[in-house]
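Novice: Okay, here's the structure, questions in a sec.
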Amino acid sequence: QVQLVESGGGLVQAGGSLRLSCAASGRTFSNYVMGWFRQPPGKEREFVAAITSSGGSTNYATSVKDRFTISRGDAKNTVYLQMNSLKPEDTAVYYCAATSFAIATSPTFYNYWGQGTQVTVSS
């Protein structure tokens, strides 16, 4: 059974940092592009960041560029999202996703999804 499990969410003050992790199991995700999306309260799911299977290429939403960093673990079945300088508008449920296609910013291209982890940034 394919599973993506996120962890690391929580409550943090504005300006603080959090590191999200996503562990993939059930198949080899080393050849998959991995991405992070988020869904703020009352809004649609939006792209945050993505990384290629090799880890050599990344893409970020404009709103998080220079504050967030996506990376992969050595085994390539784990992906991280380091979030710095957090803002209240970063409050959302954060989802890990995987796709067998190229880096994509639309959630429709992603085949597998985690259950999400809540990130709340207080002002």
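Novice: Could you please give the count of residues in region 87-108 that are open to solvent by 20 Å² or more (accessible area, probe 1.4 Å) and either modelled with pLDDT of 95 or more or among the polar types (S, T, N, Q) (or both)?
Specialist: Number of matching residues: 11.
Novice: Sticking with this structure for a sec: Could you please let me know if residue 118 is under 16 Å from residue 8 (Cβ atoms), open to solvent by 40 Å² or more (accessible area, probe 1.4 Å), within 15 Å of the chain's Cα centre (by Cα) and at pLDDT 95 or above?
Specialist: On the way: under 16 Å from residue 8 (Cβ atoms): yes; open to solvent by 40 Å² or more (accessible area, probe 1.4 Å): yes; within 15 Å of the chain's Cα centre (by Cα): yes; at pLDDT 95 or above: yes.
In short, yes.
Novice: Okay, next question. Is it the case that region 30-44 has a residue that's within 12 Å of the chain's Cα centre (by Cα) and polar (S, T, N, Q)? Working first, answer last.
Specialist: To start, the set of residues in region 30-44 that are within 12 Å of the chain's Cα centre (by Cα) comprises 33-39.
Subset that is polar (S, T, N, Q): 39.
The answer is yes; a qualifying residue exists.
Novice: Among the listed residues 42, 35, 55, which satisfies the condition of being more than 14 Å from residue 119 (Cα to Cα), open to solvent by less than 60 Å² (accessible area, probe 1.4 Å) and either free of Cβ contacts under 8 Å to residues at least 40 places away in the same chain or part of a loop (DSSP other than H, G, I, E, B) (or both)? Don't jump to the end; show me each part of the working.
Specialist: Working: 42 fails: open to solvent by less than 60 Å² (accessible area, probe 1.4 Å); 35 fails: either free of Cβ contacts under 8 Å to residues at least 40 places away in the same chain or part of a loop (DSSP other than H, G, I, E, B) (or both).
Residue meeting the stated conditions: 55.
Novice: Give the number of residues within region 68-86 that are surrounded by fewer than 17 Cβ atoms within 10 Å (Cβ to Cβ), in contact (Cβ under 8 Å) with a residue 60 or more places away in the chain and either assigned to a loop (DSSP other than H, G, I, E, B) or small (Gly, Ala, Ser) (or both).
Specialist: Looking only at that region, the number is 2.
Novice: Determine if region 62-77 includes at least one residue that is in contact with a Lys or Arg (Cβ under 6 Å, 6 or more places away or on another chain), at pLDDT 95 or above and not charged (D, E, K, R). Steps first, answer last, please.
Specialist: Filtering region 62-77 down to residues in contact with a Lys or Arg (Cβ under 6 Å, 6 or more places away or on another chain) leaves none.
So far as region 62-77 goes, no, none of its residues is in contact with a Lys or Arg (Cβ under 6 Å, 6 or more places away or on another chain), at pLDDT 95 or above and not charged (D, E, K, R).
Novice: Return yes when residue 29 is of a type in the set (Phe, Trp, Tyr), modelled with pLDDT under 95 and buried (at least 22 other Cβ atoms within 10 Å of the Cβ) and no when it is not. Give the derivation first.
Specialist: Values: of a type in the set (Phe, Trp, Tyr): yes; modelled with pLDDT under 95: yes; buried (at least 22 other Cβ atoms within 10 Å of the Cβ): yes.
Judged against the criteria, residue 29 is a match.
Novice: Now, a different point. Out of the residues in region 4-22 meeting the condition of being open to solvent by 40 Å² or more (accessible area, probe 1.4 Å) and assigned to a loop (DSSP other than H, G, I, E, B), tell me which one is farthest from residue 67 (Cα to Cα).
Specialist: If we filter region 4-22 for residues that are open to solvent by 40 Å² or more (accessible area, probe 1.4 Å), which is where we start, we get 5, 7, 11, 13-15, 17, 19.
Next cut, assigned to a loop (DSSP other than H, G, I, E, B) only: 14-15, 17.
Values: 14: 13, 15: 10, 17: 9 Å.
Among residues in region 4-22 that are open to solvent by 40 Å² or more (accessible area, probe 1.4 Å) and assigned to a loop (DSSP other than H, G, I, E, B), the one farthest from residue 67 (Cα to Cα) is 14.
Novice: Looking at (1) of a type in the set (Asp, Glu); (2) out of contact with any Cys (no Cβ under 6 Å at 6 or more places or on another chain); (3) part of a strand (DSSP E or B), find the lone condition where residue 89 falls short.
Specialist: With respect to (1) of a type in the set (Asp, Glu); (2) out of contact with any Cys (no Cβ under 6 Å at 6 or more places or on another chain); (3) part of a strand (DSSP E or B), residue 89 is out only on (3).
The values are calculated or read from the model by the stated rules, or taken from the named source; none is laboratory data. What you see is a predicted model, and the numbers here were worked out from it, not measured in a lab. Counting neighbours? That spans all protein chains shown, and the Cβs are built from the backbone with ideal geometry, glycine included. Areas reflect the complete protein model, heavy atoms only, side chains present, ligands, DNA and RNA absent. Shrake-Rupley method; radii C 1.70, N 1.55, O 1.52, S 1.80 Å.
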